[in-house]
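Take a look at the structure below.
Only the coordinates and a few stated rules stand behind these numbers; no lab work does. Computed from a predicted model, the values in this text were never measured in an experiment. Here Cβ is always computed from backbone atoms with ideal geometry, including for glycine, and neighbour counts include all displayed protein chains.
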Amino acid sequence: MPSAELLSEAQRLMTICNACRYCEGYCAVFPAMELRTKFDAEDTVYLANLCHNCRGCYYACQYAPPHEFGVNVPQTLSALRLDSYRDFAWPHVLAGLFRRNGLALGLISLASLGLIVALVLGWQDASVVFSSHTGPGAFYEVIPYRLMVVPALVLSGLIVLALGIGLARFWRAIGGRWRELADLPALARGGWDALRLTYLGGGGHGCNYPDAGFSQHRKWLHHLTFYGFGLDLLATSTAAVYHHVFAWEAPYPYTSLPVVLGTVGGLGLLVGPAGLLWLKWRSDPLPAAESVWGMDVGFLVLLFLTSLSGLVLLAARETAAMGSLLVIHLGFVAGLFITFPYGKFVHAVYRYAALVRYAQEGKEHPDSLPGTGAA
Ligand code: SF4
Ligand code: SF4
């Protein structure tokens, strides 16, 4: 649960905002807040994870610093979100990775890369790694298929377990009941709002990021990142079908479905994180908690390097550099996936759950939360 100091600040702000209500049309946070008269730890965690840090309420607020009330809703909610990521992490002993998250991500990625290099060089003669391989099965001449797939499957299972336990803890903490997880209209409505980034659009004008001006840049760069990642996952799944159903071995032709999907997704995952890093560099630091900076930057850098290494591997796969590029790319992929439950990625899971909860509250209070009922 949040620290007493943070909880007290969130309660103070929500009490002021609940009296003011100027921002009630900006996002889901304010209508959900107005349903409440008191704010306990569970409420603040829920509201914090509904916030998209669009910053509209900060720049519109007549009580924002330097006013003596010092109302800074996005800053307090971003600090609360980070606290919630720590609180619901599983196993809890790894929650400390959220403290200096950028450094943790960097060290875990380097360790992953080192482990893969050691495994490959322990398994193969170095000359195999540094010589040219072409045609079907070329990748597996450098790293045998089982050595590549079995650890990936074990890792994926652990990641899904950690994210699932975190989600269950979060859901219970915000007052959700298990049977409500089967509420299909609310799941669909939450999914629709998450996929469209409904609350990052500023009602059509855009969010106030990186500065007080309205801009859609952050929303579109987030879309490029999210859908680029989705296309890369689809490419990997398609390649698995090619391998197991049709017995076609990678690398596949440049015009094949896995390569086209992976290339388009990879470009999205290159431009999106690079653009978001550029915006973050220029952004006003006041409406965000200082403690989230390393986590945000570390995650974007890791996404960018994973995509870049994949695209360079694609371009150079018929040269003698293929083996070392494959090892480097898998090192970044492993670092990214290992840190999914202990970094910025968890915001996707908790925000979606908060949006589902919001849709459920909308069905109970259709007059207070219009447009949130049936999907
Ligand atoms: S952020 Fe400021 S303007 Fe908006 S509701 Fe709160 S007190 Fe009012
Ligand atoms: S920063 Fe944006 S999403 Fe967050 S509470 Fe303010 S208006 Fe809502």
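Kindly express, to the nearest 10 degrees and within the range 0 to 90, the angle between helix 145-173's C-alpha long axis and the longest C-alpha principal axis of the chain.
Roughly 10 degrees, rounded to the nearest 10.
Based only on Cα atoms, what mean projected area does the convex hull of segment 217-271 have, in nm²? Numbers along the way, then the final one.
Numbers: hull surface 14.0 nm².
Taking the Cα atoms of segment 217-271, their convex hull projects to 3.5 nm² on average.
Could you grab the Rg to Rh ratio for segment 151-216? Cα atoms only, Kirkwood for Rh.
Rg/Rh for segment 151-216 comes to 1.15.
First select every other residue whose beta carbon is under 14 angstrom from the beta carbon of Leu277; then total the charges, Lys and Arg +1, Asp and Glu -1.
+3
Using a Gaussian network model on the chain with a 10 Å cutoff between Cα atoms, which of Ala348, Ala182, Ala212 fluctuates the most?
Most flexible of the set in this elastic network: Ala182.
Counting alpha carbon pairs within less than 8 Å and at least 6 residues apart, what relative contact order, in whole percent, applies to the chain?
In percent, rounded to a whole number, it is 27.
Can you give the calculated 222 nm mean residue ellipticity of the chain, where each DSSP H run of n ≥ 4 adds -39,500 (n - 2.57) and the sum is split over every residue, rounded to the nearest 500 deg cm²/dmol?
For the chain, the value works out to -21500 deg cm²/dmol.
Can you pull the Rg over Rh of segment 129-185, Cα-only, Kirkwood?
Using Cα coordinates only, the ratio equals 1.36.
Ratio of Rg to Rh for segment 198-307, alpha carbon only, Kirkwood?
A ratio of 1.11.
Write down the Kirkwood hydrodynamic radius of segment 139-264, to one decimal in angstroms, obtained as one divided by the mean of 1/r over all alpha carbon pairs.
Final number for the Kirkwood radius of segment 139-264 is 18.4 Å.
Semi-axes of the chain's equivalent ellipsoid from the Cα gyration tensor, sqrt of 5 times each eigenvalue, largest first, rounded to whole Å?
41, 21, 20
Give, rounded to the nearest 20 debye, the magnitude of the charge dipole that segment 1-154 has about its Cα centre when Lys and Arg contribute +1 at Cβ and Asp and Glu contribute -1 at Cβ.
Using only the charged Cβ atoms, the result is roughly 100 debye.
I'm a student and want to see the number: the projected area of the Cα convex hull of segment 30-149, averaged over all directions, in nm².
Over all viewing directions, segment 30-149 projects a mean Cα-hull area of 13.4 nm².
So in the chain, which Cys have no other cysteine's beta-carbon sitting under 4.7 angstrom from theirs?
Cys17, Cys20, Cys27, Cys51, Cys61
Considering all projection directions equally, how large on average is the shadow of the alpha-carbon convex hull of segment 92-154, in square nanometres?
Projected over every direction and averaged, the Cα hull of segment 92-154 covers 5.9 nm².
Can you give the Kirkwood hydrodynamic radius of segment 263-375 from its Cα pairs, in Å with one decimal? Walk me through the numbers on the way to the answer.
Working: mean 1/r = 0.0593 Å⁻¹.
Across segment 263-375, the inverse of the average 1/r is 16.9 Å.
Over segment 6-84, one equal point on each Cα, no solvent: what is log10 I(q)/I(0) by the Debye formula at q = 0.19, 0.23, 0.26 Å⁻¹?
Debye curve over Cα of segment 6-84, log10 I(q)/I(0) at q = 0.19, 0.23, 0.26 Å⁻¹: -0.71, -1.11, -1.48.
List the aspartates and glutamates whose Cα sits under 20 Å from the Cα of Lys344, skipping any in the same chain fewer than 8 residues away.
The reachable aspartates and glutamates, counting only those whose Cα sits under 20 Å from Lys344, are Asp83, Asp87, Asp193, Asp232, Asp284, Glu290, Asp296.
With a ≥ b ≥ c taken as the square roots of the eigenvalues of the C-alpha gyration tensor of segment 28-71, please select rounded if a/c is under 1.5 and otherwise prolate if a/b is larger than b/c or oblate if it is not?
prolate
With θ set to phi - 60°, apply the Karplus curve 6.51 cos²θ - 1.76 cosθ + 1.60 along segment 226-238 and write out the HN-Hα couplings as whole Hz, x wherever there is a Gly or Pro.
Couplings: 5, 6, x, 5, x, 5, 5, 5, 5, 4, 5, 5, 5 Hz.
Using a Gaussian network model of the chain with C-alpha springs under 10 Å, which one of Pro273, Pro74, Pro251 is most mobile by mean-square fluctuation?
It is Pro251.
Starting from segment 1-79, pick out the trypsin sites (Lys or Arg not before Pro) whose DSSP state is loop and whose Cβ has at most 15 other Cβ atoms within 10 Å.
Counting only loop positions with at most 15 other Cβ atoms within 10 Å, the trypsin sites (Lys or Arg not before Pro) in segment 1-79 are Arg21, Arg36, Lys38.
Report, in whole Å, the centroid distance computed from the Cα atoms of segment 47-75 and segment 309-375.
27
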